[in-house]
Amino acid sequence: MSDSRLLDMLLSRPGEYISGEEISRKLSISRTAVWKQINKLREEGYEFEAVSRKGYRLVSKPEKLEYSTLLQAFSTVSFGRTLKLMDVTTSTQEEVRLLAEHGASEGALVIAEEQTIGRGRQGRKWHSPAGKGIWMSLLLRPQLPLSAAPQLTLLTAVAVCRAVRAVTGIGVGIKWPNDLLVRGRKICGILLESVGEDEMIRYCIAGIGIDANLEPDDLPPELASIATSLQIESGRKVDRAVLIGAVMTEMEKLYGLYMEEGFAPIGHLWEALSVTTGQHITVKTAQGEVSGRAVGLEERGGLLVMQEDDSLTTIFSGEVHFDGCNP
């Protein structure tokens with residue numbers, strides 16, 4: 001975390017430039033230390049103007065999520081009603097895992113302003129800057145066999161996609177199984193982790209990372225060409241509390257539908273939002289590569305791929321790459 005004394009000094013003199021020399025003298029730290037602290041504050045969502053011979057001026061503060069505002073945004077019965085809101089954590093997945101092992105009820109939700117070790121699928125690091133996105137994990141306790149867990153991944157993708165479309169109007173689509181894309185660029189990642197016992201699910205943790213209000217400068221170079229944000233796409237900031245409330249509403253509704261009627265209605269909703277169906281793709285699986293045209297989902301949630309010899313292959317796990325242009 002940044003030095004609170006520096007932040008207090010800048011907040012006490014709104015609109016003013018404070019020289020690095022003055023900050024250095026008053027806080028008894030070096031000019032290099034001042035620069036490092038300013039950069040740390042930038043990482044936490046504070047914005048500054050730095051002018052030679054004038055110093056630093058605080059331009060804006062991060063908009064932090066508030067507990068009361070979030071609860072007002074929820075229209076759910078149980079999802080999100082047990083809420084833990086954190087400034088920073090290593091991973092919201094780990095926070096929910098600890099809650100689950102201590103008996104937390106279904107629907108418990110952890111939201112962090114910043115993750116230092118956010119995780120994506122296949123062990124990838126998830127970029128989670130402070131105050132700019134929605135980094136959260138939800139606890140589910142379905143009485144289902146472990147083999148049903150991939151269906152919950154698809155359900156989560158549908159819920160988030162519907163919520164984002166409703167709140168922002170952006171034409172988000174789903175890349176199999178659960179990445180959300182806009183113009184071929186990733187805007188949301190979903191990670192569903194299950195803990196089982198005797199072939200049954202003890203609990204699942206649905207991790208959701210939405211690039212809400214990231215600006216182009218917030219994306220590291222390696223992500224600049226493959227990721228985007230709701231703000232970049234729409235030109236305006238999204239109210240994160242409203243979007244979180246919408247996601248919880250969709251999750252609770254679709255989860256209830258799934259538990260009553262099975263996967264079929266979820267599968268139909270997924271296909272309606274898919275940007276994968278109809279595309280020529282290559283899927284990297286543990287058994288090798290499969291290429292062909294994605295034709296939809298089979299009844300368990302696997303991706304059906306029509307290969308060049310007109311044979312149908314079902315993919316349950318793998319990394320999809322679009323052949324040619326992204327949709």
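The values are calculated or read from the model by the stated rules, or taken from the named source; none is laboratory data. As the structure is a prediction and not an experimental result, all values here were calculated from the model. FYI the Cβ positions are ideal-geometry reconstructions off the backbone, even for glycines, and counts take in every protein chain you see. When the accessible area is computed, the model is the full protein with side chains, heavy atoms only, and any ligands, DNA or RNA have been set aside. Shrake-Rupley method; radii C 1.70, N 1.55, O 1.52, S 1.80 Å.
Brief remarks follow.
- Under the condition of being of a type outside the set (S, T, N, Q), under 24 Å from E113 (Cα atoms) and open to solvent by 60 Å² or more (accessible area, probe 1.4 Å), the residues counted in region 57-80 number 6.
- Within region 242-258, if we keep just the residues that are among the small types (G, A, S) and touching a residue at least 12 places away in the same chain (Cβ under 8 Å), the residue that is most open to solvent (accessible area, probe 1.4 Å) turns out to be A246.
- Across region 189-220, the number of residues qualifying as open to solvent by 50 Å² or more (accessible area, probe 1.4 Å), assigned to a strand (DSSP E or B) and either of a type in the set (A, V, I, L, M, F, W, C) or closer than 24 Å to K64 by Cβ (or both) comes to 1.
- Check on T69, of a type outside the set (K, R), in contact (Cβ under 8 Å) with a residue 60 or more places away in the chain and within 17 Å of D239 (Cβ to Cβ): yes
- Any hit, region 103-120, residues being in a helix (DSSP H, G or I), within 24 Å of T156 (Cβ to Cβ) and touching a residue at least 24 places away in the same chain (Cβ under 8 Å): no
- Cβ-Cβ under 9 Å pairs, at least 6 apart or on other chains, region 274-286 side at positive phi, far side open to solvent by 40 Å² or more (accessible area, probe 1.4 Å) and at pLDDT 90 or above: G278/R293; G278/V295
- Options S19, S12; residue that is exposed (fewer than 11 other Cβ atoms within 10 Å of the Cβ) and out of contact with any Lys or Arg (no Cβ under 6 Å at 6 or more places or on another chain): S12
- Complete set of residues in region 268-321 that are open to solvent by less than 40 Å² (accessible area, probe 1.4 Å), closer than 29 Å to R165 by Cβ and modelled with pLDDT under 90: G318, E319
- Filter pass, F74 being touching an Asp or Glu at 6+ places or on another chain (Cβ under 7 Å) and either modelled with pLDDT of 90 or more or among the acidic types (D, E) (or both): no
- Check on K186, among the basic types (K, R), out of contact with any Gly (no Cβ under 8 Å at 6 or more places or on another chain) and within 30 Å of D87 (Cβ to Cβ): yes
- Flag for A159 being open to solvent by 20 Å² or more (accessible area, probe 1.4 Å), farther than 20 Å from I117 by Cα and not polar (S, T, N, Q): no
- Matching residues in region 40-56 - criterion: being outside any loop (DSSP other than H, G, I, E, B) and exposed (fewer than 12 other Cβ atoms within 10 Å of the Cβ): E49, V51
- Scanning region 83-102 for residues that are surrounded by fewer than 21 Cβ atoms within 10 Å (Cβ to Cβ), touching a strand residue (DSSP E or B) at 6+ places or on another chain (Cβ under 8 Å) and without any contact (Cβ under 8 Å) to a residue 60 or more places away in the chain returns L83, K84, L85, M86, D87, T90, L99.
- Qualifying residue in region 180-187 (condition: surrounded by fewer than 19 Cβ atoms within 10 Å (Cβ to Cβ) and at positive phi): yes
- Scanning region 161-214 for residues that are more than 16 Å from Q151 (Cβ to Cβ) and either touching a His at 6+ places or on another chain (Cβ under 6 Å) or among the β-branched types (V, I, T) (or both) yields V164, V167, T168, I170, V172, V182, I187, V195, I208, I210.
Rundown of residues vs (1) modelled with pLDDT under 95; (2) closer than 23 Å to S137 by Cβ, yes/no style:
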position	(1), (2)
I174	no, yes
L181	no, yes
G189	yes, yes
S194	no, yes
D218	yes, yes
P221	yes, no
A224	yes, no
L230	no, yes
E233	no, no
